[in-house]
């Protein structure tokens, strides 16, 4: 059974460019989460969706960040324009609400470097 | 303000001995707690969890203890193995069943052969 799939695994871009990170959750899961990991702040929740609807985006740092979930099997996190301080590892996770409460399954992450 | 704190950034233990990783939380509304393990270049993987109605949960070599009055939980690994070397994150549920988890900053465990 495939886990959460994120692409790309690594992204190097220049300041000002648009960056799009992609996530395919585990089939049958109805919640999806985007996290950012940095040395200073650890793992921070950026946004999460339930049944494809954004529930809480209070962790999104700025308007430069946006996330979409057009269907149950795909989500994107976009940064436009990107800045060096956006450099971090971005994780996507999914879960199924109501069974094994709150256990989230993570993808391998996307390491973003903005030069 | 950190709601979930792991005050030890690192821990070194000899193979075969017990590893004890600690976590403190500040929000008394938290009702579910999880431990995740993370290897380099991989995402965190779920290890073990505990509900606030319990004070202990055991799964093989891993046991989690919860002290609600002290707002403290700990993960015991007995016996520790070199393959347990990883970063361990404590996480707590923040309201509802939608799974909005708050993570600690992690403790890097090194198990020496």
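The values are calculated or read from the model by the stated rules, or taken from the named source; none is laboratory data. Quick caveat: nothing in here was measured; it's all calculated off a predicted structure. For neighbour counting, all protein chains shown are included, and Cβ atoms are generated from backbone atoms with ideal geometry for every residue, glycine included.
Residues of region A:1-15 that are more than 11 Å from residue A:108 (Cβ to Cβ) and not in a loop (DSSP other than H, G, I, E, B): A:11, A:12, A:13. Residues that are assigned to a loop (DSSP other than H, G, I, E, B), touching a residue at least 12 places away in the same chain (Cβ under 8 Å) and surrounded by 16 or more Cβ atoms within 10 Å (Cβ to Cβ) within region B:26-51 comprise B:30, B:31, B:44, listed in sequence order.
Residue A:68 satisfies every condition listed in (1) surrounded by fewer than 16 Cβ atoms within 10 Å (Cβ to Cβ); (2) within 10 Å of chain B (Cβ to nearest Cβ); (3) in contact with a strand residue (DSSP E or B) (Cβ under 7 Å, 6 or more places away or on another chain) except (2). Checked against the criterion of being farther than 22 Å from residue A:36 by Cα and touching a residue at least 24 places away in the same chain (Cβ under 8 Å), the candidates B:87, B:4, B:78 yield just one match: B:78.
Looking across region A:72-87, the residues that are outside any loop (DSSP other than H, G, I, E, B) and either within 14 Å of chain B (Cβ to nearest Cβ) or more than 15 Å from the chain's Cα centre (by Cα) (or both) come down to A:84, A:85. Taking the stated definitions as given, is residue A:42 out of contact with any helix residue (DSSP H, G or I) (no Cβ under 7 Å at 6 or more places or on another chain), at pLDDT below 95 and more than 12 Å from every other protein chain (Cβ to nearest Cβ)? No, not satisfied. Regarding region A:53-61, can at least one residue be identified that is touching a strand residue (DSSP E or B) at 6+ places or on another chain (Cβ under 6 Å), closer than 19 Å to residue A:111 by Cβ and part of a strand (DSSP E or B)? No: region A:53-61 contains no residue that is touching a strand residue (DSSP E or B) at 6+ places or on another chain (Cβ under 6 Å), closer than 19 Å to residue A:111 by Cβ and part of a strand (DSSP E or B). Annotation note: Cβ proximity below 8 Å between a residue of region A:98-115 that is within 7 Å of chain B (Cβ to nearest Cβ) and at positive phi and a residue that is at pLDDT 95 or above and surrounded by fewer than 17 Cβ atoms within 10 Å (Cβ to Cβ) (sequence gap 6+ or interchain) occurs for A:109/A:9.
For region B:59-69, indicate whether the set of residues that are at pLDDT 95 or above, in a strand (DSSP E or B), within 14 Å of chain A (Cβ to nearest Cβ) and more than 10 Å from the chain's Cα centre (by Cα) is non-empty. Within region B:59-69 (the criterion being at pLDDT 95 or above, in a strand (DSSP E or B), within 14 Å of chain A (Cβ to nearest Cβ) and more than 10 Å from the chain's Cα centre (by Cα)), the answer is yes, since at least one residue qualifies.
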